[in-house]
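Below is one structure, written out as structure tokens; the observations come after it.
The values are calculated or read from the model by the stated rules, or taken from the named source; none is laboratory data. Since this is a predicted model, take the numbers as computed values, not measurements. Positions of Cβ are backbone-derived with ideal geometry, glycine not excepted, and every protein chain shown enters the neighbour counts. Protein only, heavy atoms only, side chains kept; ligands, DNA and RNA dropped before computing areas. Shrake-Rupley method; radii C 1.70, N 1.55, O 1.52, S 1.80 Å.
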Amino acid sequence: MAFSSWFSRFRSSSSSCYHFFCRGASLRNLGAQTPAISKASTSQNGGRRFLFWSSSVVPFALASGSLAFQFQFQSNPSLCDDSDIHDRRISVGGRGSTKYVVQGSHNDISQAFIEELGQICKDNMTLDYDERYFHGKPQNSFHTAVNIPDVVVFPRSEVEVSEIVKLCDQYKVPIVPYGGATSIEGHTLAPNGGLCIDMSLMNKVKALHVEDMDVIVEPGIGWMELNEYLEPYGLFFPLDPGPGATIGGMCATRCSGSLAVRYCLTSVSQDKEATLLMLDILQAVLANGDVVKTASRARKSAAGYDLTRLMIGSEGTLGVITEITLRLQKLPKYSVVAMCNFPSIKDAADVAIATMLSGIQVSRMELLDEVQIRAINNANGKNLPEAPTLMFEFIGTEAYSREQTQIVQKIVSEHNGSDFVFAEDPEAKKELWKIRKEALWACFALVPNFEAMITDVCVPLSHLAELISSSKQALDASSLVCTVIAHAGDGNFHTVILFDPNKEEQRKEAERLNHLMVYKALSMEGTCTGEHGVGTGKMKYLEKELGAEALRTMKRIKAALDPNNIMNPGKLIPPHICF
């Protein structure tokens with residue numbers, strides 16, 4: 001689960017300024033002293049907002065003085081001395097860091113860069129402050145940075161992406177790739193300013209191979225839109241993070257979702273590789289503008305390094321993903337959705353473990369605590385029992401789905417479960433599953449105007465009950481409102497910690513709870529992030545989880561592929577890691 005929400009997207013984009021287009025002076029008038037004239041226009045992308053660069057380049061140019069400057073970004077910070085980290089103001093994410101406002105060094109961009117960028121992007125770029133601010137502040141995250149992008153571009157093709165990246169490398173301008181804006185660990189922050197490359201216009205299905213059960217797509221297409229396209233063919237893409245997530249962003253952050261327990265757990269894989277298991281090939285633009293294709297369309301290959309695996313989860317630090325070939329699944333013939341309650345969250349987690357050990361192949365198994373159920377009741381006017389709750393989905397033939405339901409019902413009864421209900425009617429199933437899908441929206445409605453620290457960890461399944469139980473005790477003892485939601489079948493659970501952004505003591509308490517949960521998971525041979533990724537928020541835990549040598553190896557790879565450190569700098573690799 002990526003824990004993004006259409007509600008957050010709607011809430012963040014309600015300002016009327018995002019629904020207008022501005023056009024103004026042409027490129028040759030960059031030096032003019034008069035403001036550009038704006039006019040409303042419509043989008044060719046279903047109303048996608050654009051505030052074009054030409055409308056705001058004059059005041060931007062004046063603000064930069066002579067405009068003779070260009071980025072002098074540190075060419076190789078990988079060969080660093082960690083003693084000067086605080087002087088370079090990039091300490092967020094370092095060992096033991098408690099800061100959440102990401103610092104960075106910012107330099108003005110040059111007129112020459114803007115002119116050359118305009119030749120590549122034409123009207124598909126903007127310097128408008130509101131648009132740059134929107135792209136620089138994550139829509140579902142409390143993370144923030146001191147700077148925002150200096151320019152936002154909207155490429156329409158891989159060729160344009162290559163030319164943009166090559167230009168940025170020449171001028172040493174930082175690049176931040178931008179997908180559906182649903183990530184929650186600060187992945188799309190621009191601490192050093194620079195260029196945000198919004199992939200929303202690259203949203204096409206390039207080829208569908210029904211007999212091979214794969215599809216080739218551009219990165220800007222959403223997983224929900226893709227599944228709508230595939231439904232008439234009896235196929236679907238089974239990874240299901242939050243609404244609004246795009247395929248490119250899902251690959252970049254190595255996300256999964258509630259269906260990972262069925263489609264992405266095998267004897268030789270872990271849920272953290274869920275995206276990889278559903279993906280055959282990537283094409284990506286590297287920092288020098290070169291385009292690399294990572295594999296062939298064959299279902300298996302032993303040819304060379306696995307570059308696909310290298311790019312998955314790299315969070316834009318190694319390149320910009322421009323094309324993806326995805327493996328598909330057949331739509332299930334029949335399904336049953338079930339729900340039951342428990343006296344304690346440990347009882348619910350024990351049932352999740354027992355169900356997996358029984359050999360039942362659930363397609364979904366989601367755990368919600370009583371606080372989350374209370375939020376759902378409050379938001380939707382429901383009257384559900386406010387107790388720890390498990391939700392299941394079983395798929396297959398009608399007889400097989402019913403058999404699985406009966407077996408799990410017996411397991412539930414042996415672990416203090418009650419109120420076991422199930423639905424087979426399509427509308428009834430939709431209504432039951434709606435409870436889970438609206439969980440995050442319900443949290444925000446429970447405490448209006450609060451922000452959420454949304455975090456996740458993952459442990460070996462045998463440790464899930466202990467981890468959830470001990471974490472739940474700490475959450476309940478806190479003065480903050482905290483909810484628990486888990487992908488119980490793969491050991492991955494999330495907390496939504498709500499706090500008043502105007503009260504520093506509440507933010508610190510939220511961070512304390514996050515820290516406690518992460519270190520508990522690490523002590524159980526788990527991970528600090530099951531599917532949300534690292535970004536800036538989880539960097540400080542990586543050395544504890546992976547060790548310094550693994551991080552130095554990552555940094556060597558980063559330095560080799562991106563010697564000017566322009567690809568999403570300040571993310572994933574902690575700043576104190578040097579070689």
- request: Let me know the volume per residue of the alpha-carbon convex hull for the range 123-279, in Å³.
  value: 136 Å³
- prompt: Is the shape of the range 112-178 best called rounded, prolate or oblate, per the rule: a/c under 1.5 gives rounded, else a/b larger than b/c gives prolate, else oblate, with a ≥ b ≥ c the square roots of the Cα gyration tensor eigenvalues?
  reply: prolate
task: For the range 203-263, run through the GluC sites (Glu not before Pro) and keep only the ones in DSSP coil with at most 14 other Cβ atoms within 10 Å of their Cβ.
output: E211
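Hey, any idea what % of the range 381-424's accessible area is carbon plus sulfur with a 1.4 Å probe?
49 percent
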- request: Within the range 379-398, which residues have the backbone N less than 19 Å from the label spot 7 Å out from E424 along Cα→beta-carbon, could you tell me?
  value: 392-398
message: Suppose the chain between S301 and S470 were pulled fully straight at 0.36 nm per residue; how much longer would it get relative to their current alpha carbon spacing?
response: 56.5 nm
Accessible carbon and sulfur surface of the range 101-198 relative to its total accessible area, %, 1.4 Å: 45 percent
Estimated FRET transfer efficiency (A112, A550; beta-carbon r; R0 45 Å; 0.05): 0.65
message: Considering all alpha-carbon pairs of the range 395-457, what whole percent are spaced by more than 14 angstrom?
response: 72 percent
- request: Determine the distance separating the Cα centre of the range 215-246 from the Cα centre of the range 127-156; give it in Å without decimals.
  value: 25 Å
message: How large is the direction-averaged shadow of the alpha-carbon convex hull of the range 420-492, in nm²?
response: 6.5 nm²
- line: Given 401-409, 314-322, 375-383, 213-221, the highest-first ranking by average Cβ count within 10 Å works out to 314-322, 213-221, 401-409, 375-383
- request: Using the Kirkwood radius over Cα pairs, work out the Stokes-Einstein diffusion coefficient for the range 347-452 at 10 °C and 1.306 mPa s, in µm²/s as a whole number.
  value: 107 µm²/s
message: Order 568-577, 413-422 from most to least packed using the mean count of other Cβ atoms within 10 Å.
response: 568-577, 413-422
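How would you classify the range 205-330 from its alpha-carbon gyration tensor, with a ≥ b ≥ c the square roots of the eigenvalues: rounded for a/c under 1.5, else prolate if a/b is greater than b/c, otherwise oblate? If you can, show how the numbers build up before the last one.
On the way: a/c = 1.34, a/b = 1.27, b/c = 1.06.
In terms of gyration-tensor shape, rounded.
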statement: A chain fully extended from M213 to L310 at 0.36 nm per residue, minus the present Cα-Cα distance, gains in nm 32.5 nm
- prompt: Counting other Cβ atoms within 10 Å of each Cβ, which trypsin sites (Lys or Arg not before Pro) in the range 453-513 have at most 15 and sit in a DSSP loop?
  reply: K503
- prompt: Using the Kirkwood formula over every pair of different C-alpha atoms, what hydrodynamic radius in Å results for the range 425-579?
  reply: 17.4 Å
- request: Starting from the alpha-carbon convex hull of the range 334-524, give the projected area averaged over all orientations, in nm².
  value: 10.2 nm²
query: So how long is each side of the range 527-579 along the principal axes, counting just the alpha-carbon atoms, biggest first, in Å?
result: 29, 21, 16
Contour excess over end-to-end distance, with Cα ends at K333 and Y129 and 0.36 nm allotted per residue: 68.5 nm
